[in-house]
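The values are calculated or read from the model by the stated rules, or taken from the named source; none is laboratory data. These figures come from a predicted structure and were not determined experimentally. Virtual Cβ from ideal backbone geometry, glycine too; neighbours counted across all protein chains shown.
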Ligand code: PAF
């Protein structure tokens, strides 16, 4: 399959690298990373080590079978505009936060699938991505149900050795992922700790309460997600990714904008009842963003 990965950051480079072992992959990202990949190939180091030679460039090509979007949530609208000029059979969002699929679908003339990913990655230097933990990709129709497009995308990921489930309940999966991100990301970024620190500190109560509030908002929207399930998912991810730094921790340590608006900010905006933990976390991270060194 011909696959274009739009967003050659940590996760995009890792998943693109894994896919390139089996498919024709183009990584679309920023310099100096794409220049280095183009010249010397992409090195994957850590949990598994290999080198691949995908095409790498700064702009989206004219056509592809599957566009895999891995950019930060705040860049989705710009990517949707770029992809609107491209001939696509399908698009899959593998991003944190809510609202990405709708933003892409508003511009694109092809099926837009939803996905979640729990693989761990960290861009180490231009041309090199650290593989920090195997996980799973869950993908499917963004409004739920089965489709041949989702089955084909799932088969393409699996043939590259990527653990993949094709799910028929993506709306619930996306809210579950949001509860996990709402619990873990801002707390680890503000406390400057790895995910595992949430297992044995005061921070775990904040994370659990952010996840409970998220579950309550999901239920307001007709999604079946209990408080207990939301908290147990946070606990499971904290355990599974104990040594990892969350993506928001990485953004803050790199002095970059975060995805707070699509995570705790999204929960606060969508809520019809007070969600004080999400509001406080969003407020604190936004305060940091306004005053960060550029
Ligand atoms: O954003 C992240 O870092 C990840 O989605 C997760 C699951 C919280 C693990 O670090």
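Side notes on the structure shown:
Per-residue answers, yes or no, for (1) modelled with pLDDT of 95 or more; (2) surrounded by fewer than 24 Cβ atoms within 10 Å (Cβ to Cβ); (3) in a helix (DSSP H, G or I):
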| position | (1), (2), (3) |
| --- | --- |
| 17 | yes, no, yes |
| 56 | yes, no, no |
| 60 | yes, yes, no |
| 65 | yes, yes, no |
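- Looking only at the stretch 174-203, and only at residues there that are closer than 15 Å to residue 236 by Cα and more than 13 Å from the ligand (Cβ to nearest atom), the one that is surrounded by the fewest Cβ atoms within 10 Å (Cβ to Cβ): 200
- Whichever residue in the stretch 253-263 is assigned to a helix (DSSP H, G or I) and either within 12 Å of the ligand (Cβ to nearest atom) or not assigned by TED's automatic domain parsing to the domain that holds residue 195 (or both) and, among such residues, is farthest from residue 124 (Cα to Cα): 262
- Per-region count, the stretch 232-246, residues buried (at least 20 other Cβ atoms within 10 Å of the Cβ) and either more than 9 Å from the ligand (Cβ to nearest atom) or not in a loop (DSSP other than H, G, I, E, B) (or both): 3
- The numbered conditions (1) part of a helix (DSSP H, G or I); (2) touching a helix residue (DSSP H, G or I) at 6+ places or on another chain (Cβ under 7 Å); (3) over 24 Å from residue 111 (Cβ atoms) are all true for residue 216 except (2).
Listed here are the residues, each with its yes/no results for (1) under 15 Å from the mean Cα position of the chain (by Cα); (2) within 22 Å of residue 185 (Cβ to Cβ).
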position	(1), (2)
36	no, no
47	no, yes
62	no, no
84	no, no
96	yes, yes
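- Residue list for the stretch 138-173, filter: within 16 Å of the ligand (Cβ to nearest atom), surrounded by fewer than 22 Cβ atoms within 10 Å (Cβ to Cβ) and under 19 Å from residue 102 (Cβ atoms): 173
- Tally, over the stretch 27-47, of residues that are at pLDDT below 95 and within 16 Å of residue 127 (Cα to Cα): 0
- Residues in the stretch 136-165 that are part of a loop (DSSP other than H, G, I, E, B) and under 21 Å from residue 50 (Cα atoms): 136, 160, 161, 162, 163.
Here is a yes/no grid of residues against (1) modelled with pLDDT under 95; (2) touching a strand residue (DSSP E or B) at 6+ places or on another chain (Cβ under 6 Å); (3) surrounded by fewer than 23 Cβ atoms within 10 Å (Cβ to Cβ):
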| residue | (1), (2), (3) |
| --- | --- |
| 68 | no, yes, no |
| 79 | no, yes, no |
| 82 | no, no, yes |
| 87 | no, yes, yes |
| 100 | no, yes, no |
| 111 | no, yes, yes |
| 118 | yes, no, yes |
| 128 | no, yes, yes |
| 134 | yes, no, yes |
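- Scanning the stretch 115-135 for residues being within 14 Å of the ligand (Cβ to nearest atom) and either assigned to a loop (DSSP other than H, G, I, E, B) or assigned by TED's automatic domain parsing to the domain that holds residue 181 (or both) gives a total of 4.
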